[in-house]
Amino acid sequence: MRIIIVGCGKVGQTLIRQLSAEKHDITIIDKSSDVVAEATNTYDCMGVVGNGASYSVQKEAGIENTDLMIAVTGSDELNLLCCLIAKKAGNTATIARVRNPVYSQEINYIKEELGLSMVINPEYASATEIARILRFPSADKIDTFAHGRVEILKFFIDEKSPLKNMTLIDVSKKYQCDVLICVVERGDEAFIPSGQFILRENDKVSFVASPTNAKMFFEKIGVDTHQVKNTMIVGGGMIAYYLASQLKGMGIAVKIIESSRERCEELSELLPKAVIINGDATNKDILVEEGVESCDSFVALTGIDEANIFLSMYAKTSSKAKKVITKINRISFDDIINSFQFGSVIAPKSITADYIMQRVRVMQNSIGSNVETLYNLMDGKVEALEFLIKEPSEVTDKPLMELKLKKNLLIACITRGGKVITPNGQSKIHVGDTVIVVTTHKGLDNIKDILSLKELCLQNNIEVEKLRAAYTWDQLKKNSDGMVPVVVQDYRTLE
């Protein structure tokens, strides 16, 4: 796809990195010539210096032949104007980042009237993810599929975990829960494990299950599954507002500590059922006085990463909190922050980029894609994708044991008619199913892409040796006529 990105901040740069890695044709627009120069020197993209809301600048960037415009500048109004001009100039699909709560009640109207494909509010999306974790505090992260029927939950194996030093086969035999462990993070490595894989202390384990089966599994391994009763939030920004609003509906009591008196007065009007405290939470005495030692959960949402980290470390060591959640802005350091192991880490910019990447894959439906949902796991090293099976193909109506799948790829779940199926070798994929695939391969956009390239060649009567001799990789992409997926970095390996 040809994509224009307006705004090269942290979200913009994350999108540029991910989209260029997937071989999209990227053009960026930013007012800063230094930012544009740095981006074009770092990534495979074109750059235009100027105001993204200018028709002439958009025309220079090629808006008339562009498939998608993504506006992620720091101004909501500028983002909306960029998308409006793009829609008029090139009838282009558009995505806008809109953060102001003033617009939150009008998003559907704005989206419909401006013809936007998607509106993303990073603060609201982050609040939703935090609320989901507080509902199920045993998990460090929860991603949902199949309209909430299926979840991928991540949890940490500590020294007391009964899963420590067990193989996945032993876990299945002992606990007999309908769950499937799909990813194990160990240090900087990501594993798509087999049944013989042995779980170790300090592993981060992700598994696929329905919410009911996930709760049952956690109960059997001795992990508390009740949602928190109350939460202490430090920082009264937009995420805190959206989060408190959602927690109110879940019956969770909320206390917010905010240093600005003016903001406290605003929050008191907006959130009449929440307790709003005006004070400096970096002062230990304030936290103790407000009951940090007895709170059920603690969420650090100040605008300063270092403050959030120290606050979370203190809450982890000094309170009985079931869950500690930390917001960070500098996503380049999230691997270091994760090493502290003090709870869940939320990066609004990463969440925003993930939502947009998900939409980009879905928009490729017009060129044969059937990706419905996409999540990046382990800092993008692993992808979890939900495919909607629209028509018969090489993977349908055959036992999974007969399919020659790529290495480091797992079919984690099948949903059929509202029923969640944990697949085995005899399971089959049918038209109308949704299939969740977890893999270290990037760029899958069709269910056929799960098959090894060699297998697809054989099924389509393509002679492998002639294929390798006749085509360079670039020629293969142009001449495969859709019969061979473009998903591996070097097709000569024929995985």
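SER32 meets the conditions (1) over 21 Å from GLU123 (Cβ atoms); (2) touching a strand residue (DSSP E or B) at 6+ places or on another chain (Cβ under 7 Å) in every case but one. The failed one is (2). Contact map, region 364-393: residues that are of a type outside the set (Lys, Arg) paired with residues that are modelled with pLDDT under 85 and open to solvent by 50 Å² or more (accessible area, probe 1.4 Å), Cβ distance under 6 Å, separation 6+ or inter-chain. Pairs shown: GLU386/GLU372; LEU388/GLU372; SER393/LYS448.
In this structure, does ILE29 turn out to be hydrophobic (A, V, I, L, M, F, W, C), more than 26 Å from ASN446 (Cα to Cα) and modelled with pLDDT of 95 or more? It is true that ILE29 is hydrophobic (A, V, I, L, M, F, W, C), more than 26 Å from ASN446 (Cα to Cα) and modelled with pLDDT of 95 or more.
Out of THR73, THR27, THR40, one residue alone is assigned to a helix (DSSP H, G or I), surrounded by 15 or more Cβ atoms within 10 Å (Cβ to Cβ) and polar (S, T, N, Q). It is THR40. When restricted to residues that are of a type in the set (A, V, I, L, M, F, W, C), in a loop (DSSP other than H, G, I, E, B) and free of Cβ contacts under 8 Å to residues at least 60 places away in the same chain, region 242-270 contains 0. The residues of region 143-159 that are modelled with pLDDT of 90 or more and among the basic types (Lys, Arg) amount to a single one, LYS154. When residues in region 10-41 are screened for being of a type in the set (Val, Ile, Thr) and either free of Cβ contacts under 8 Å to residues at least 12 places away in the same chain or over 16 Å from ARG97 (Cβ atoms) (or both), 5 of them pass. Would you confirm whether any residue within region 414-421 is closer than 27 Å to LEU19 by Cβ, crowded, with 18+ Cβ neighbours inside 10 Å, at pLDDT 80 or above and not aromatic (Phe, Trp, Tyr)? Checked region 414-421: no residue is closer than 27 Å to LEU19 by Cβ, crowded, with 18+ Cβ neighbours inside 10 Å, at pLDDT 80 or above and not aromatic (Phe, Trp, Tyr).
Yes or no, residue by residue, for (1) over 30 Å from GLU185 (Cβ atoms); (2) of a type in the set (A, V, I, L, M); (3) open to solvent by 10 Å² or more (accessible area, probe 1.4 Å); (4) at pLDDT 65 or above:
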residue: LYS381; (1), (2), (3), (4): no, no, yes, yes
residue: SER393; (1), (2), (3), (4): yes, no, yes, yes
residue: LYS398; (1), (2), (3), (4): yes, no, yes, yes
residue: LYS404; (1), (2), (3), (4): no, no, yes, yes
residue: LEU410; (1), (2), (3), (4): no, yes, yes, yes
residue: VAL435; (1), (2), (3), (4): no, yes, no, yes
residue: TYR491; (1), (2), (3), (4): no, no, no, no
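Within region 29-60, track down each residue that is of a type outside the set (S, T, N, Q) and closer than 14 Å to CYS83 by Cα. Once the filter is applied, which keeps residues that are of a type outside the set (S, T, N, Q) and closer than 14 Å to CYS83 by Cα, region 29-60 yields ILE29, GLY52, ALA53, TYR55, VAL57, LYS59. Name the single residue, out of those in region 280-314 being under 16 Å from ARG263 (Cβ atoms) and buried (at least 23 other Cβ atoms within 10 Å of the Cβ), that is farthest from the chain's Cα centre (by Cα). Result: ALA281.
Using the structure shown, decide if ALA281 is touching a strand residue (DSSP E or B) at 6+ places or on another chain (Cβ under 9 Å), under 23 Å from ASN329 (Cβ atoms) and assigned to a helix (DSSP H, G or I). No: the conditions fail for ALA281. When we screen ILE181, ILE169 for residues that are open to solvent by less than 20 Å² (accessible area, probe 1.4 Å) and either modelled with pLDDT of 90 or more or polar (S, T, N, Q) (or both), the only hit is ILE181. Selection over region 208-241 of residues that are crowded, with 17+ Cβ neighbours inside 10 Å, of a type outside the set (A, V, I, L, M) and closer than 28 Å to ILE436 by Cβ gives a count of 7.
Among the residues making up region 254-279, a single one is among the aliphatic types (A, V, I, L, M), open to solvent by 60 Å² or more (accessible area, probe 1.4 Å) and closer than 24 Å to PHE136 by Cα: VAL275.
If the condition is being hydroxyl-bearing (Ser, Thr, Tyr) and not in a loop (DSSP other than H, G, I, E, B), then region 76-114 contributes THR94, TYR103, SER104, TYR109. Just the residues that are part of a loop (DSSP other than H, G, I, E, B) and either within 25 Å of PRO211 (Cβ to Cβ) or modelled with pLDDT of 90 or more (or both), please, taken from region 117-142. ASN121, PHE136, PRO137, SER138, ALA139, ASP140, listed by residue number.
Residues that are more than 22 Å from GLU151 (Cβ to Cβ), in a strand (DSSP E or B) and touching a residue at least 24 places away in the same chain (Cβ under 8 Å) within region 185-241 comprise ILE198, ASN230, MET232, ILE233, VAL234, listed in sequence order.
The values are calculated or read from the model by the stated rules, or taken from the named source; none is laboratory data. Just so you know, these numbers come straight off a predicted model, no measurement behind them. Glycine also receives a Cβ, built like all others from the backbone with ideal geometry; neighbour counts cover every protein chain displayed. Protein only, heavy atoms only, side chains kept; ligands, DNA and RNA dropped before computing areas. Shrake-Rupley method; radii C 1.70, N 1.55, O 1.52, S 1.80 Å.
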